[in-house]
Amino acid sequence: MTDAPAAAPVTLSRSRGVLHALLDAPGRRNAITPDLLDGLHAAVDAAEADPGCRVLVLSARGEDFCAGTDLSAPVRAPEPDAPAELPYWTLLDRLTRTPVVTVALVEGRATAGGVGLAAACDLVLAGPGARFRLTEALVGLVPAMALPFVARRTGEQRAFTATLLAEDLDAGAAVAAGLADLVADAPAQALRRALVALSRVDRSTAGALKAYRTRLFPRDPHLGRDAGRTFLDRLTDPAVQPLLGRIPAPERAA
């Protein structure tokens with residue numbers, strides 16, 4: 001008897017002009033794995049390929065929006081000829097650059113890399129149970145790939161402080177910091193209102209606005225490569241391994 005295939009970590013559904021990508025691995029706290037990244041890249045591909053799609057919505061099943069990178073698998077030091085950018089960075093960069101408007105609906109915990117995933121979206125809607133926390137420094141890591149996308153929302157110093165202190169921000173504090181745009185007791189209704197507002201802006205206009213924002217506030221073209229290498233250098237540093245060992249096996253995400 002063969003085992004049933006594992007369920008896809010990202011489930012796609014469509015409504016008028018909107019592609020919904022549901023992070024659907026609650027048993028793994030929707031941690032960032034290669035399969036989840038592949039699913040989210042596929043969601044961006046599908047949204048861009050559909051000329052009628054104006055909005056891509058990221059949401060999640062379970063208590064965690066996203067728990068960050070899955071650290072349960074062994075990690076090797078980066079090779080000199082490794083790809084210039086890691087898939088996580090590429091995804092966040094795509095979310096900021098795609099002509100489709102990207103919306104994160106955060107109703108649970110966004111932790112470590114999960115904060116970066118939300119922050120890379122054009123709009124972040126937070127439910128009353130949403131929490132945002134950059135925890136990497138607690139285990140010897142640097143959120144090198146997430147931090148630029150957090151800082152573009154909050155400002156450099158606020159992002160640095162939130163990282164250094166591993167601040168646990170509720171929905172209201174996240175809005176005050178600029179990490180989220182709106183907190184709502186009924187997030188599904190808030191999402192519907194946002195989608196109605198976005199329906200008044202055609203895709204080409206939204207894309208032009210996003211492209212101009214990118215030109216107005218450009219990123220160093222080498223930052224993605226440097227960010228990935230910084231993250232991997234810390235992750236494979238022998239001095240960091242005892243700190244990573246403090247994380248219970250079922251929760252090994254950052």
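The values are calculated or read from the model by the stated rules, or taken from the named source; none is laboratory data. Since the structure is predicted, the reported quantities are computational estimates derived from the model, not experimental observations. Neighbour counts run over all protein chains shown; Cβ positions are idealised from the backbone, glycine included. Calculation scope for accessible area: heavy atoms of the full protein, side chains included, ligands and nucleic acids excluded. Shrake-Rupley method; radii C 1.70, N 1.55, O 1.52, S 1.80 Å.
When D64, D45 are screened for being free of Cβ contacts under 8 Å to residues at least 60 places away in the same chain and either surrounded by fewer than 15 Cβ atoms within 10 Å (Cβ to Cβ) or under 16 Å from A206 (Cα atoms) (or both), only D45 passes. The requirement of being of a type in the set (S, T, Y) and modelled with pLDDT under 95 is fulfilled nowhere in segment 205-213; no residue meets it. With respect to the conditions (1) surrounded by 13 or more Cβ atoms within 10 Å (Cβ to Cβ); (2) within 19 Å of R109 (Cα to Cα); (3) of a type in the set (D, E, K, R), D185 lacks only one, and its number is (1).
A single entry from A184, A211, A194 fulfils the requirement of being over 19 Å from D70 (Cβ atoms) and touching a helix residue (DSSP H, G or I) at 6+ places or on another chain (Cβ under 7 Å): A184. Among the residues of segment 9-31, those identified as within 20 Å of G116 (Cα to Cα), open to solvent by less than 10 Å² (accessible area, probe 1.4 Å) and not small (G, A, S) are L23, N30.
Six or more apart or on different chains, Cβ under 6 Å: which pairs go from a residue in segment 140-159 that's at positive phi to one that's in a loop (DSSP other than H, G, I, E, B) and surrounded by fewer than 19 Cβ atoms within 10 Å (Cβ to Cβ)? Could you list them? Note: pairs meeting the criteria are G140/V240. Here V75, V18 are screened, and the one residue that is modelled with pLDDT of 95 or more and of a type in the set (V, I, T) is V18.
Just so you know, in segment 155-174 the residues that are open to solvent by less than 50 Å² (accessible area, probe 1.4 Å) and assigned to a helix (DSSP H, G or I) include one that is nearest to V106 (Cα to Cα), and it is A171.
Here the condition is being open to solvent by 30 Å² or more (accessible area, probe 1.4 Å), assigned to a helix (DSSP H, G or I) and within 17 Å of L95 (Cβ to Cβ); of R234, R152, R193, R225, it holds for R152 alone.
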